[in-house]
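Taking it in order: structure first as C-alpha cells, then the write-up.
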Amino acid sequence: MADRIKITAIGGGTGLSVLLRGVKRIENADLTAVVSVADDGGSSGILREDLGMLPPGDIRSCLLALASEEEGMRELLAYRFKEGRLAGQNVGNLILAAAGDIYGNFENGIERIGDILKVKGKVVPVSGEKMVLCAELENGNIVAGESNIPRVAVREKSRIARVFLDSERVSVSASAREAILNADIVLIGPGSFYTSVIPNFLTTGVVDALGRSKSVKVYVGNVMTQPGETDDLDPSRHAEILCEYMDPVRPDFIILNNHLLGAAELAKYTNDGATQLIPDDGDRRAFARLGLKPIEGGFIDVKKGYVRHDAVAVAEVVSRLAKDSGFPVSGFSV
C-alpha cells in the first residue's frame, strides 16, 4: 500500500528489541526485524545443540518487543525454570521450539507465535542455516562461538581483530532478503557490536541486498563500549568497522547519543570497564570522510541501573527522517 512505510531493522540481542519498542509507535509502519542467529549461549545454545534448531533467544525478545500484548506475556515468556532437568531453560524459547515442530519449520513457528502475540510487524532470522561465529583476537588466537568471544578476549586481555563465520555457505534467508530489498528505511543496530550486529553482514547475500535496496540506511550507534567486544573503540571507529563489513554499501545517517551521564549512573558500567560513547570533533570529521551524516541528541535512558537507548527518542528521529525522505508517516503514538 502506498500509504505504508516499510522499515527493516537489522541486529540482534537486547539492543534490537529496545529499538523495536520505539519504532513500532510509527503508526503506518510495516516493520520487519532481521535477527542474527549466531547466539550459542544459555538456553538458546542448549536448544541449538539438543534440537539442531536456530537459537530462539533473540527472536523471542524481538517478538515480545513488537507484541500488542507485551506486558501480559513478558513475565511468562521470560520465565526460566529454577530446578530440575529444565533448570535454566526459558519458557519462550521452549514455546518457539515447539512451534517449529508443530508448524513444519522454525520460520513458520515464529510467524504463528507472532500471530498469537499480535505483533506489529514480522520477525525473521537473517539465515535459516546454522551460523558459527569466530573471532581472531589481536594476539592471533582464534575463538569459536559467539558466547566465548568476549569472555576469551577479556581473559586474554586482547581485543577483537576481526570476526568471521566458520562456513562461507551461510546464506541470507528469503524472507530477510525480501525485507531488505523492499525496505524504505533500513535500521542497523544497536547491540553487541561484533557478536550481534556484524554477523548479519557476514551472511552471504545481505550486503548484496542492501546494495540493491533503494532504502535510506541508518546506523544507530551504541551508547556504551562493551568489555571484550569494543574496548577503547570510539564512535567513529565503530562506524569505520561497520563500513568495512558492509563494503561497498554505506549507511546514510548515524544516530548518536551526546548526553553525558553522571558518575553514579555509570558506576556499574565503569566498574566493569565500559565507557560512554560520546562523539567529538574528531569523530565528526571521520563521519564526513565516510559520507555519514550524524544526528546527535539525548538518546540515552537509564532504567533500574541499566543504560539503554531512549527508544522513543530514536523512533522520533526515524519518523522525521522518513518524512524528510518523502515517505508517508501518518502518526506517532505516545
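Which one of these is within 9 Å of the chain's Cα centre (by Cα) and either of a type in the set (A, V, I, L, M, F, W, C) or at pLDDT below 95 (or both): 2, 29, 33?
Values: 2 fails: within 9 Å of the chain's Cα centre (by Cα); 29 fails: within 9 Å of the chain's Cα centre (by Cα).
Answer to the selection: 33.
Test residue 307 against the stated conditions and say whether it is out of contact with any Ser or Thr (no Cβ under 7 Å at 6 or more places or on another chain), part of a strand (DSSP E or B) and in contact (Cβ under 8 Å) with a residue 24 or more places away in the chain.
Against the criterion (out of contact with any Ser or Thr (no Cβ under 7 Å at 6 or more places or on another chain), part of a strand (DSSP E or B) and in contact (Cβ under 8 Å) with a residue 24 or more places away in the chain), residue 307 qualifies.
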Total residues in region 124-182, condition assigned to a strand (DSSP E or B), surrounded by fewer than 20 Cβ atoms within 10 Å (Cβ to Cβ) and β-branched (Val, Ile, Thr): 1
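Just the residues that are in a helix (DSSP H, G or I) and more than 21 Å from residue 68 (Cβ to Cβ), please, taken from region 94-106. Outline the logic, then answer.
At the first step, the residues of region 94-106 found to be in a helix (DSSP H, G or I) are 94-102, 106.
Residues satisfying the conditions are 94, 97, 98, 100, 101, 102, 106.
So which residues in region 258-270 are in contact (Cβ under 8 Å) with a residue 40 or more places away in the chain and either not aromatic (Phe, Trp, Tyr) or not assigned by TED's automatic domain parsing to the domain that holds residue 15 (or both), if there are any at all?
Quick first cut of region 258-270, residues in contact (Cβ under 8 Å) with a residue 40 or more places away in the chain only: 258-259, 261, 265-266, 269.
Answer for region 258-270, where residues must be in contact (Cβ under 8 Å) with a residue 40 or more places away in the chain and either not aromatic (Phe, Trp, Tyr) or not assigned by TED's automatic domain parsing to the domain that holds residue 15 (or both): 258, 259, 261, 265, 266.
State which residue is nearest to residue 252 (Cα to Cα) when the search covers only region 283-304 and only residues that are in a helix (DSSP H, G or I), out of contact with any Ser or Thr (no Cβ under 7 Å at 6 or more places or on another chain) and not hydrophobic (A, V, I, L, M, F, W, C). Break it down into steps so the answer makes sense when it comes.
Pass one, region 283-304, residues in a helix (DSSP H, G or I): 283-290.
Now restrict to residues that are out of contact with any Ser or Thr (no Cβ under 7 Å at 6 or more places or on another chain): 284-285, 288-290.
Narrowing further to those that are not hydrophobic (A, V, I, L, M, F, W, C): 284-285, 289.
On the way: 284: 14, 285: 15, 289: 12 Å.
Going through the qualifying residues, I end up with 289.
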Residue within region 237-257 that is of a type in the set (Asp, Glu), part of a helix (DSSP H, G or I) and touching a residue at least 24 places away in the same chain (Cβ under 8 Å) present: yes
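Scanning for something of a type in the set (Ser, Thr, Tyr) and free of Cβ contacts under 8 Å to residues at least 40 places away in the same chain, does region 158-172 turn up at least one residue? Before the answer, list the steps.
So the first thing to find is which residues in region 158-172 are of a type in the set (Ser, Thr, Tyr), and the list is 158, 167, 171.
Checking which are free of Cβ contacts under 8 Å to residues at least 40 places away in the same chain leaves us with 158, 167.
Yes, there is a match, as at least one residue in region 158-172 is of a type in the set (Ser, Thr, Tyr) and free of Cβ contacts under 8 Å to residues at least 40 places away in the same chain.
Yes/no matrix, rows are residues, columns are (1) closer than 23 Å to residue 20 by Cβ; (2) among the acidic types (Asp, Glu); (3) crowded, with 17+ Cβ neighbours inside 10 Å:
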position: 191; (1), (2), (3): yes, no, yes
position: 206; (1), (2), (3): yes, no, yes
position: 211; (1), (2), (3): no, no, no
position: 251; (1), (2), (3): yes, no, yes
position: 262; (1), (2), (3): no, no, no
position: 286; (1), (2), (3): no, no, yes
Selection count where residues are over 29 Å from residue 321 (Cβ atoms) and either small (Gly, Ala, Ser) or not in a helix (DSSP H, G or I) (or both), scope region 258-275: 5
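For region 234-245, how many residues meet the condition of being buried (at least 20 other Cβ atoms within 10 Å of the Cβ) and either among the small types (Gly, Ala, Ser) or more than 15 Å from the chain's Cα centre (by Cα) (or both)? Break it down into steps so the answer makes sense when it comes.
We begin by selecting, within region 234-245, every residue buried (at least 20 other Cβ atoms within 10 Å of the Cβ); these are 235-236, 238-239, 242.
Then keep just the ones that are either among the small types (Gly, Ala, Ser) or more than 15 Å from the chain's Cα centre (by Cα) (or both); that gives 235-236, 239.
Of the residues in that region, 3 qualify.
The values are calculated or read from the model by the stated rules, or taken from the named source; none is laboratory data. Computed from a predicted structure; not experimentally measured. Don't worry about glycine lacking a Cβ; one is built from the backbone with ideal geometry, like all the others, and counts go over all protein chains shown.
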